[in-house]
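To start, the structure itself, in C-alpha cells.
Nothing in this text is a laboratory measurement; each read-out follows from the coordinates by a stated rule. Everything quoted here is computed from the prediction, not taken from an experiment. Neighbour counts are summed over all protein chains in view; Cβ atoms, including those assigned to glycine, are modelled from backbone coordinates with ideal geometry.
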Amino acid sequence: MGAGDLTPGTLAPPVPRPLVWEEGCVRILDQTRLQGEEAWLECRTVASVADAIRRLAVRGAPAIGIAGAYGVALAAHTGEPLDAAARELVATRPTAANLRWAVERVVRAAAAGRDALAEARAVEREDEQACEAIGEYGAALVPERANVLTHCNTGMLCTGGIGTAQGVIWTAHAQGKRVHVWVDETRPVLQGARLTAWELQRLGVPMTHVADGAAASLMSRGLVDLVITGADRIAANGDVANKVGTYGLAVSAAHHRVPFYVAAPTSTIDLATTAGDDIPIEEREPDEVRSAAGAPVAPPDVPVANPAFDVTPSSLVTAIVTERGVVRAPYPDRLRALTGATA
C-alpha cells in the first residue's frame with residue numbers, strides 16, 4: 001500500500017506519539033534530541049513534567065496541554081497539592097492557551113470528585129478527534145497539486161492526533177491531492193527542519209526544506225498556493241499568536257494574494273483575550289538564537305532578543321480551521337458562536 005492510499009488514521013512508517021501515561025509516569029519523547037535519536041523522559045513528578053514543557057522536550061500547543069493535563073493527574077496520583085501543581089505547569093509557557101485550558105479543566109474535574117487521570121485521558125482523546133476533524137475541514141481548502149507552505153511543527157509530534165496545520169496537509173495527501181510542502185526551517189530552534197521535515201519524510205509526503213528567508217521569494221515566483229500554520233492562542237478578535245516568523249509569512253502572503261490559513265482546535269481560542277496586543281509573548285533563552293542545533297553562530301556575549309511568538313492580526317488571516325468548522329471574518333461574533341459563548 002502506497003502512502004497516497006493511507007487514511008489519516010494510518011501511520012506508515014509510524015510517527016511516535018509525543019507522550020504517554022504509563023502507571024504513574026508521564027513518558028515524554030524528548031523532541032530536543034530529534035531527529036538524532038528517539039529518547040524518552042520518565043517524568044514522575046510535576047516538576048519534571050514542567051521542566052520538559054519549559055525546555056521544549058514536549059512542545060506544540062495541543063501537546064503541552066495534554067502534558068499539563070497529565071501533570072495534574074500525576075499530582076493527584078502522588079498527593080501533591082493540585083493548585084500548586086497547576087500554577088507550576090501553567091507558568092512554563094505563558095503564551096499557549098491550551099496549557100492553561102487543559103490544566104484548569106483537570107483541576108476542576110478533581111475538585112468535583114471526578115478522576116483526574118480519566119479527565120486527562122479525555123483531553124488527549126478529544127484532541128485526537130479534533131485533529132481528524134480539522135484535517136477534513138482544512139483539506140477541502142487545499143486544491144489538487146497545491147504547493148503548501150508551513151511554519152514550525154504542527155503534526156503528530158505536537159498533538160494527540162494527526163496534527164493541526166500538518167493534519168490538514170496529511171489529510172489532503174491521503175485523499176490523493178498530490179500536494180507538495182515547502183517546510184520553513186523555523187529558526188531559532190529549527191522545529192521545521194528537525195521535526196516537520198522528519199515527520200513528512202516518514203509519512204511519504206512530498207516536501208522541500210527551505211530557509212525561513214526564502215518564503216517571500218517563493219510566493220513572488222508563484223510557487224506557493226497557500227500558507228497554513230498552527231496557533232498557540234487566538235484572541236477574541238481573531239488575532240493569532242504563533243511561532244515567531246508567522247507574522248512575516250502572513251504579510252508576504254497578503255502582498256502576493258496567497259491564502260493564509262490558521263488551523264487550531266477551539267481550545268486555542270481565548271475569548272478572555274480581547275486582541276493580540278493582550279497576548280503575553282514568551283521571551284526565551286538567548287542561547288537559542290546564538291546557536292543553531294547546538295553549534296555557536298554568534299559571539300557568546302552578543303545581546304539577544306528571543307521572542308518565541310509573534311502576533312498576526314486577523315485582517316491577514318483568510319480563515320481559521322477548527323474541529324467545528326471553518327471561520328472567516330468578521331471573527332469576533334463568529335468565534336463566539338463557534339465556541340458556544342454567550343454575550
Residue farthest toward the positive end of the dipole of the chain, with Cβ of Lys/Arg at +1 and Asp/Glu at -1: which of 281, 321, 91? 321
Along the dipole axis of the range 194-255 (charges at Cβ: +1 for Lys and Arg, -1 for Asp and Glu; origin at the Cα centre), the most positive-end residue among 196, 254, 215 is 196
Under 5 Å between amide H atoms, partner at least 5 residues away or on a different chain: which partners does residue 242 have, H built in plane at 1.01 Å? 232, 310, 312
How would you order 160-171, 243-254 from highest to lowest mean count of nearby Cβ atoms within 10 Å? 160-171, 243-254
Charge tally for neighbours of residue 202 with beta carbon under 14 Å away, counting Lys, Arg as +1 and Asp, Glu as -1, is 0
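About the Cα centre of the chain, how large is the charge dipole given +1 on each Lys and Arg Cβ and -1 on each Asp and Glu Cβ? Please answer in debye to the nearest 20.
Taking the Cα centre of the chain as origin, the dipole is about 620 debye.
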For residue 182, other-chain or 5+-apart residues with amide H closer than 5 Å (H placed, Pro excluded) are 148, 149, 150, 208
Filter the chain for me: DSSP H helices, axial length by Cα at least 20 angstrom, mean Kyte-Doolittle hydropathy not below 1.0. List them by residue number. 61-78
Sequence-separation-based contact order of the range 268-343, relative, with Cα cut under 8 Å and 6+ spacing, percent: 24
For the chain, averaging the sequence separation of alpha carbon pairs under 8 Å that lie six or more residues apart and dividing by its residue count, the contact order in percent is 16
Under the rule a/c < 1.5 gives rounded, and otherwise a/b versus b/c splits prolate from oblate, where does the range 216-343 land using the Cα gyration tensor? oblate
Shape call, the chain: gyration tensor on alpha carbons, a/c limit 1.5: rounded
Taking Lys and Arg as +1 and Asp and Glu as -1, residues besides residue 139 with C-beta under 15 Å from its C-beta add up to -2
Using the charge dipole of the chain (Lys, Arg: +1 at Cβ; Asp, Glu: -1 at Cβ; taken about the Cα centre), state which of 152, 49, 69 has its Cα farthest towards the positive end. 152
